[in-house]
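One structure is given below, encoded as structure tokens.
The values are calculated or read from the model by the stated rules, or taken from the named source; none is laboratory data. Being a predicted model, the structure only gives us computed values, none of them experimental. All Cβ positions, even for glycine, are placed from backbone atoms using ideal geometry, and neighbour counts span all protein chains on display. Accessible surface areas use protein heavy atoms only, side chains included; no ligands, DNA or RNA. Shrake-Rupley method; radii C 1.70, N 1.55, O 1.52, S 1.80 Å.
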Amino acid sequence: MFETVTFVIALFILSFGFVVFFGAPYVPTMKKQVVQIMKIRPLKKGDVFVDIGSGDGIVLRSAAKTGARAIGYELSPYLWLVSKFACKGQKNIDIRFGNFWPVDLPADTTVVYTFLSSRHMPKLQQKLQNHVDKNGKSISFISYGFQIKGRKSQKKLGPIYLYSIEPQLQT
């Protein structure tokens, strides 16, 4: 019995802990912070909002209420299940289980949001730049808590930064 309980606890801890190697640990987003996220770049019907590391789905649910299509990527199996359950029945929410890094963003993405550790920001900035260059359309990028070094944000609201990622002219 003790071995089973120990195994279950270890599995639970691992399902949260290993994601640190790919992004950031799970930190619940409070309602006040969700309001700030939605305020810094108001969403509208037609927007495609991508949440990298969507956790329990609270930001996705708020984005979907605006009429935007909300897509979340979650690496923790436990959090993926929690968010799938919490978002059940909402047609404009799609929660994808797996690692975001090897996946292409949907071509019609307009806004990307994440709480990602600073060591991963340069890699994400490059991924987003490649996306906009490929598709020829700018996107808004919302970062909770971490700035893009060497790049000026359009807006800052508390710990939330808004950036515009524009296609670079190719010669």
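Quick notes on this structure:
- Between ALA107 and PHE85, the distance separating the two model label sites (each 7 Å from Cα on the Cα→Cβ line) works out to 3.8 nm.
- Greater than 22 Å apart at Cα, pairs in LYS44/LYS134; LYS31/LYS65; LYS31/LYS152: LYS44/LYS134; LYS31/LYS152
- Of the trypsin sites (Lys or Arg not before Pro) in the range 48-130, the ones in a loop by DSSP (not H, G, I, E or B) with at most 16 other beta carbons within 10 Å are LYS88, LYS91.
- Contour minus Cα-Cα distance for GLN147 and ASP94 (0.36 nm per residue): 16.4 nm
- The range 33-171 - share of DSSP beta bridges that are antiparallel (%, nearest 5): 35
- Along its principal axes, the range 67-171 has C-alpha extents of 45, 30, 27 angstrom, given from the largest down.
- When each of the peptides 100-111, 45-56 is scored by the mean number of other C-beta atoms lying within 10 Å of its residues, the order from highest to lowest reads 45-56, 100-111.
- Derived scalar couplings ³J(HN,Hα) [the range 120-129; Karplus, 6.51 cos²θ - 1.76 cosθ + 1.60; whole Hz; x for Gly, Pro]: 9, 4, x, 5, 5, 4, 5, 4, 5, 5
- Here the extension length gained between MET30 and LYS155 equals 43.0 nm, from 0.36 nm per residue of separation less the Cα-Cα distance.
- Theoretical gain in end-to-end length, ASN130 to LYS65 [0.36 nm per residue, Cα-Cα removed]: 20.5 nm
- Remark: the range 83-130 carries 53 Å² of accessible area per residue (probe radius 1.4 Å; ligands, DNA and RNA excluded).
- Taking amide H as placed 1.01 Å from N in the peptide plane, ASP47 has its amide H under 5 Å from the amide H of ARG69, each at least 5 places away in sequence or on another chain.
- Beta bridges from DSSP with both residues in the range 105-171: antiparallel share about 70 percent, rounded to the nearest 5.
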